[in-house]
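Visitor: First, the structure itself, so that you have it in front of you.
Here, each number is a calculation from the coordinates, and none is a lab measurement. Keep in mind that this is a model prediction, so the values were computed, not measured. Counting neighbours? That spans all protein chains shown, and the Cβs are built from the backbone with ideal geometry, glycine included.
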Amino acid sequence: YSEEDLYRPNFHFTPKKAWMNDPNGMFYYNGYYHLYFQYHPDSNVWGPMHWGHAISTDMISWTEQPIAIYPDELGTIFSGSAVVDISNSSGLGEVSKAIPIVAIYTSSKKLEGNDNWKQTQSVAFSNDEGKTFTKYENNPVIDNDKIKDFRDPKVTWDDDRNKWIMSLAAGDKIMFYESKNLKDWNLLSEFGQGIGGHGGVWECPDLFKLPVIGTNESKWVLFVSINPGGPNGGSATQYFIGDFDGTTFTMDKQFETALNEKHDYWIDFGRDNYAGVTWSNATRKNGGKLMLGWMSNWDYAQKVPTENWRSAMTIAREVQLQKNENGYRLISNPVKELANYRGRKYKKENIVIKDDTKIIDAESIDLAKTEIQFNISNLEETTYTFKLSNHNGEELLFGYDNIKKEFFINRKKSGKTSFSEKFANKITLAGRTSTNDNLSGTILLDKTSIELFYDNGETVMTEIFFPNTPYTKLSIESKNQEFILDNIEVHELNFN
Ligand code: FRU
């Protein structure tokens, strides 16, 4: 097998060559979803950052574009966001030609004589729908000499107050700014010291309003990525639910109490979903927000066994806010556009699972591009173990332990693992929050990644793996006792 055959994903974005990390500047305009990304075109490890670029009409099939933003005298181009400036509030649009796309990113400049960076915020604008950008002449728009980590501006339009709001990561807190024109920014407030996870530096925030499913209520959501300090080690994205009054973000009281009792508010409990933020100008009719993350982890991202390129993005997901007796919780699920790629299908009901029961093999469905839905009713006191395996005896185990009420992924024997001792040293765990007696899930498989959406997206786990030959069999194992798999639907996904 070539590296391309074995490891290049079928339906997750990867750059054709070289190093990629965070998604940046995502916006929707005129039929296209844009995805920019942290990109080092000259190497397969992290280095001087550019903004790479890709476009898609459905967030599934991506076409890579020329590099959009290059380093300049203010520094390399770290993470940030982009907005569609419909009213030309910035004045950066060429009147009668185009609505400007305005990118706000971190300029990061290495300081002479020490290991620190000067990080400031800069603006670039596009009058050709995001293809090419011109740097604003008075950069930086937010200068900084004091704060070491000061980056990843995410700008959103505050419809209630008619102004732009920026959230910015500043080490152990988020700083909020306001602006009328995307160029002059005033500091409003700070959030986060002593709150939530602090096992590492705070990065890539995102503040936005989200309706509560089935109500007229809306709450504000704050994403904060953290590295390290994730629930299963390394990098991960936590979130907070609260209110924003135009100046200050305040956690919801019930949410705060629950968070203090147990911090299990993570976008994804798997080890490979980081730095995710939402698309601008792409709110769904139901109010849901669209997002994706970088499908890797700073613990080992620069060592994974691909040479030509490094890293993929997660599948695009729709994020919604649910409220029940346990309080507020985000749910996320793959975007519905993925279903347009369904091809061959396998469907079965009432399968008796004992020992190791084969569900499907590579003859009937290509397990390297697969979407699976399953449902198990009346959960038993047992462990439900799904197993992907190949002829080399390599296996990826995942599932649910209904005694400990924990989901798990075990990639210890999944294939190549020794490139980093942090890759497969532990089993990834996620406590189940739903108390439903039925367990349902969606599983996405794409050669080197698994994305698990349990309980309608209440618990999500994303991980990567590198088998030496493709997985050819999916089976389910019952250790303590037989059980019934009520139904399973497996769709092969077709891509050209
Ligand atoms: C997150 C991050 C950001 C930064 C970028 C640099 O992964 O560290 O905070 O802007 O990557 O590439």
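Visitor: What distance in nm separates the two pseudo spin-label positions at Val212 and Leu429, each 7 Å out from Cα along the beta-carbon direction?
Guide: Using points 7 Å along Cα→Cβ, the separation is 3.2 nm.
Visitor: Additional query: May I ask you to derive the FRET efficiency for Glu363 and Ser61 from their Cβ-Cβ distance with R0 = 22 Å, giving the value to the nearest 0.05? Numbers along the way, then the final one.
Guide: Numbers: r = 26 Å, r/R0 = 1.20.
E between Glu363 and Ser61, to the nearest 0.05, is 0.25.
Visitor: Right, next: Add +1 for every Lys or Arg and -1 for every Asp or Glu among the other residues with Cβ under 12 Å from the Cβ of Ala82, and state the total. Intermediate values should be presented prior to the final figure.
Guide: Numbers: positive: Lys154; negative: Asp85, Glu129.
That sum, taken over residues with Cβ under 12 Å, equals -1.
Visitor: If you take the beta carbon distance between Tyr346 and Lys416 as r and set R0 to 30 Å, what does 1/(1 + (r/R0)^6) give as a FRET efficiency, to the nearest 0.05?
Guide: 0.55
Visitor: Run the quick spin-label model on Arg284 and Asn116: label points 7 Å from Cα toward the beta carbon, then report their separation in nm to one decimal.
Guide: Reported label-point gap for Arg284 and Asn116 is 4.5 nm.
Visitor: Let me ask something else about it. Pull up all non-local amide H partners of Gly415: gap of 5 or more, or a different chain, and H-to-H distance under 5 Å with H placed in the peptide plane.
Guide: Residues meeting the amide H criterion: Glu395.
Visitor: If you filter the range 109-164 for GluC sites (Glu not before Pro), then keep DSSP loop positions with at most 11 other Cβ within 10 Å, what is left?
Guide: Working: sites: Glu112, Glu129, Glu137; in loops: Glu112, Glu129, Glu137.
Passing both the DSSP loop test and the Cβ count: Glu112, Glu137.
Visitor: Sequence neighbours fewer than 8 away in the same chain don't count; with that in mind, list the lysines whose C-alpha is under 20 Å from Lys354.
Guide: Lys387, Lys473, Lys479
Visitor: At 0.36 nm per residue, and after removing the present C-alpha to C-alpha distance, how many nm does the segment from Ile86 to Gln322 gain when stretched out fully? All intermediate terms of the calculation are to be shown ahead of the outcome.
Guide: Details: separation 236, 0.36 × 236 = 84.96 nm, distance 3.05 nm.
The Ile86-Gln322 span can extend by a further 81.9 nm.
Visitor: Do you know the relative contact order of the chain, to the nearest whole percent, from alpha carbon pairs under 8 angstrom that are 6+ apart? It would help to have the intermediate numbers written out before the result.
Guide: Values: 1361 pairs, mean separation 66.9, N = 496.
Relative contact order here is 13 percent.
Visitor: Moving on to the next point. Would you kindly calculate the mean projected area, averaged across all directions, of the convex hull enclosing the Cα atoms of the range 347-496, in square nanometres? Present the calculation step by step, with values, prior to reporting the outcome.
Guide: Working: hull surface 35.5 nm².
That works out to 8.9 nm².
Visitor: What does the net charge come to around Glu421 if you take all other residues with beta carbon closer than 11 Å to its beta carbon, with K and R at +1 and D and E at -1? Please report the intermediate quantities before stating the final value.
Guide: Working: positive: Lys303, Lys422, Lys426; negative: Asp299.
Charge balance in the 11 Å sphere: +2.
Visitor: Can you compute the FRET efficiency between Glu4 and Asp128 using 1/(1 + (r/R0)^6), with r the Cβ-Cβ distance and R0 = 41 Å? Round to the nearest 0.05. Mind dumping the intermediate values first?
Guide: On the way: r = 32 Å, r/R0 = 0.78.
That gives a FRET efficiency of 0.80.
Visitor: List residues of the range 52-86, by number, whose backbone nitrogen lies under 17 Å from a label position 7 Å along Cα→C-beta of Lys97.
Guide: Within reach of a label on Lys97, which here means backbone N under 17 Å from a point 7 Å along Cα→Cβ, the range 52-86 contributes 85-86.
Visitor: A further question follows. So what's the gap between the Cα centers of the range 1-53 and the range 464-496, to the nearest angstrom?
Guide: One Cα centre to the other: 28 Å.
Visitor: Let me test this: with uniform point scatterers at the alpha carbons of the range 80-135, what is the Debye-based log₁₀ I(q)/I(0) at q = 0.15, 0.23, 0.27 1/Å?
Guide: Those come out to -0.48, -0.80, -1.00, one per q.
Visitor: On to the next question. Could you give the distance between the Cα centres of the range 148-170 and the range 385-462, to the whole Å?
Guide: 35
Visitor: For Lys285, give me every one of the aspartates and glutamates with a C-alpha distance below 13 angstrom, ignoring sequence neighbours fewer than eight places off in its own chain.
Guide: In chain and number order, the partners are Glu318.
Visitor: By how many nm would the segment from Asp143 to Lys354 lengthen if fully extended, with 0.36 nm per residue of separation less the alpha-carbon distance?
Guide: Working: separation 211, 0.36 × 211 = 75.96 nm, distance 6.31 nm.
Once the chain is fully extended between Asp143 and Lys354, it gains 69.7 nm.
Visitor: Please report, in debye to the nearest 20, how large the charge dipole of the chain is about its Cα centre when each Lys and Arg carries +1 at its beta carbon and each Asp and Glu carries -1 there. Before the final figure, lay out the partial values.
Guide: Numbers: 53 positive and 68 negative charges, 63 e Å.
Magnitude of the dipole: close to 300 debye.
Visitor: If you take the Cα Rg of the range 1-84 and divide it by 2.2 N^0.38 Å, with N the number of residues, what do you get?
Guide: Working: Rg = 13.4 Å, N = 84, 2.2 N^0.38 = 11.8 Å.
In units of the 2.2 N^0.38 Å rule of thumb, it is 1.13.
Visitor: Let me ask something additional. Taking Cα pairs under 8 Å and at least six residues apart, what relative contact order does the range 338-493 come out at, in percent?
Guide: Reported as a whole number, the value is 44 percent.
Visitor: First select every other residue whose beta carbon is under 13 angstrom from the beta carbon of Phe11; then total the charges, Lys and Arg +1, Asp and Glu -1.
Guide: Values: positive: Arg8, Arg342, Lys369, Lys447; negative: Asp58, Glu337, Asp366, Glu371, Asp446, Glu451, Glu492.
Summing Lys/Arg as +1 and Asp/Glu as -1 gives -3.
Visitor: Right, next: Within the chain, what is the longest stretch that has no chymotrypsin sites (Phe, Trp or Tyr not before Pro) placed in a DSSP loop and near at most 14 other beta-carbon atoms within 10 Å? Before the final figure, lay out each step's value.
Guide: Numbers: sites that count: Tyr1, Phe419, Phe495.
Longest run free of exposed loop sites: 2-418.
Visitor: Give the residue list of trypsin sites (Lys or Arg not before Pro) in the range 170-270 that are DSSP loop and have at most 16 other beta-carbon atoms within 10 angstrom. Mind showing how you got there, number by number?
Guide: Values: sites: Lys173, Lys180, Lys183, Lys209, Lys219, Lys253, Lys262; in loops: Lys173, Lys180, Lys183, Lys262.
Those that pass, being in a loop and sparsely packed, are Lys180, Lys262.
Visitor: Could you calculate the contour length gain from Ala339 to Asn494, that is, 0.36 nm times the residue separation minus the distance between their Cα atoms, to one decimal place in nm?
Guide: On the way: separation 155, 0.36 × 155 = 55.80 nm, distance 1.01 nm.
Computed gain between Ala339 and Asn494 is 54.8 nm.
Visitor: List the residues of the range 432-462 whose backbone N lies under 19 Å from a point placed 7 Å from the Cα of Glu380 along the Cα-to-Cβ direction.
Guide: Zone members listed by number: 437-441.
Visitor: Something else: So which GluC sites (Glu not before Pro) in the range 338-411 pass both tests, a DSSP loop state and at most 10 other Cβ atoms within 10 Å of the Cβ?
Guide: Values: sites: Glu349, Glu363, Glu371, Glu380, Glu381, Glu394, Glu395, Glu406; in loops: Glu363, Glu380, Glu381, Glu394.
Those that pass, being in a loop and sparsely packed, are Glu363, Glu381.
Visitor: Quick one: which of Lys154/Lys345; Lys426/Lys447; Lys110/Lys209; Lys16/Lys416 span more than 32 angstrom between C-alpha atoms?
Guide: Details: Lys154/Lys345 40 Å; Lys426/Lys447 21 Å; Lys110/Lys209 35 Å; Lys16/Lys416 22 Å.
From Lys154/Lys345; Lys426/Lys447; Lys110/Lys209; Lys16/Lys416, over 32 Å: Lys154/Lys345; Lys110/Lys209.
Visitor: What number do you get for the chain when its Cα radius of gyration is normalised by 2.2 N^0.38 Å, N = residues?
Guide: The chain yields a ratio of 0.96.
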